[in-house]
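Novice: First the structure, which I've put down as structure tokens, then a few questions once you've had a look.
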Amino acid sequence: DMHIDSSTPQRPRRVLSPHLQIYRLPLTALLSISHRISGALLALGFVLGNLLLAAAATKAPIFENVTEWFTQPLGRFLVAGWLLLFNYHLVHGIRHLLWDLSLGFSRSKQTLWGITEITSALILTTLMVFAPCWLKSGSPL
């Protein structure tokens, strides 16, 4: 039986670190994590792209198979996703350049910058995917 001294304040028992189901990451943190993930996926895409170029240069039969696969809906979807990753990574990189110039650090503007980033990446991707349709009556991608 412990004696509790009334002069010692009692601390409530609680979790020492916030749990992900309780704590909501701010938009800037989510965008930062997404930027790192998009960079890793872009690197993988560039490796695969270079392998495809090597196959084209050597006239390997796999080149024709892969290019045929990219005309299928799943292949087109993956190319559009890769373009979205590229555009997001580009726009977030521009945001970092602006931060290097000490622009956009105020708390009130950070969420606006984040929404602008996402919107810009989506607009750029839409333009890149559908530009062939709009320029001539071709199909996207």
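Novice: Among the listed residues PHE105, PHE63, PHE77, which satisfies the condition of being surrounded by 15 or more Cβ atoms within 10 Å (Cβ to Cβ) and without any contact (Cβ under 8 Å) to a residue 12 or more places away in the chain? Full working, then the answer.
Specialist: Numbers: PHE105 fails: surrounded by 15 or more Cβ atoms within 10 Å (Cβ to Cβ); PHE77 fails: surrounded by 15 or more Cβ atoms within 10 Å (Cβ to Cβ).
When all the criteria are applied, what remains is PHE63.
Novice: Return the residue satisfying two criteria in turn: it lies in the stretch 108-141 and is among the charged types (D, E, K, R) and open to solvent by 70 Å² or more (accessible area, probe 1.4 Å), and of such residues it is modelled with the highest pLDDT.
Specialist: Among those residues, the one meeting the criterion is LYS109.
One line per residue, one yes/no per condition, for (1) assigned to a helix (DSSP H, G or I); (2) not polar (S, T, N, Q):
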{"position": "TRP99", "(1), (2)": "yes, yes"}
{"position": "SER102", "(1), (2)": "no, no"}
{"position": "SER108", "(1), (2)": "yes, no"}
{"position": "GLY114", "(1), (2)": "yes, yes"}
{"position": "SER120", "(1), (2)": "yes, no"}
{"position": "PRO132", "(1), (2)": "yes, yes"}
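Novice: Separate question: Just to verify a result, which residue in the stretch 80-97, among those that are touching a residue at least 12 places away in the same chain (Cβ under 8 Å) and either over 14 Å from the mean Cα position of the chain (by Cα) or open to solvent by 70 Å² or more (accessible area, probe 1.4 Å) (or both), is farthest from THR126 (Cα to Cα)?
Specialist: Selected residue: LEU90.
Novice: Within the stretch 50-101, can you find the residues that are more than 22 Å from ILE37 (Cβ to Cβ) and among the β-branched types (Val, Ile, Thr)?
Specialist: Hits for the stretch 50-101 are THR58, ILE62, VAL66, THR67, THR71.
The values are calculated or read from the model by the stated rules, or taken from the named source; none is laboratory data. The structure displayed is predicted, hence computed values, not measured ones. Glycine gets a Cβ as well: all are built from the backbone with ideal geometry, and neighbour counts include every protein chain shown. The area values use the complete protein model at the heavy-atom level, side chains included, leaving out ligands, DNA and RNA. Shrake-Rupley method; radii C 1.70, N 1.55, O 1.52, S 1.80 Å.
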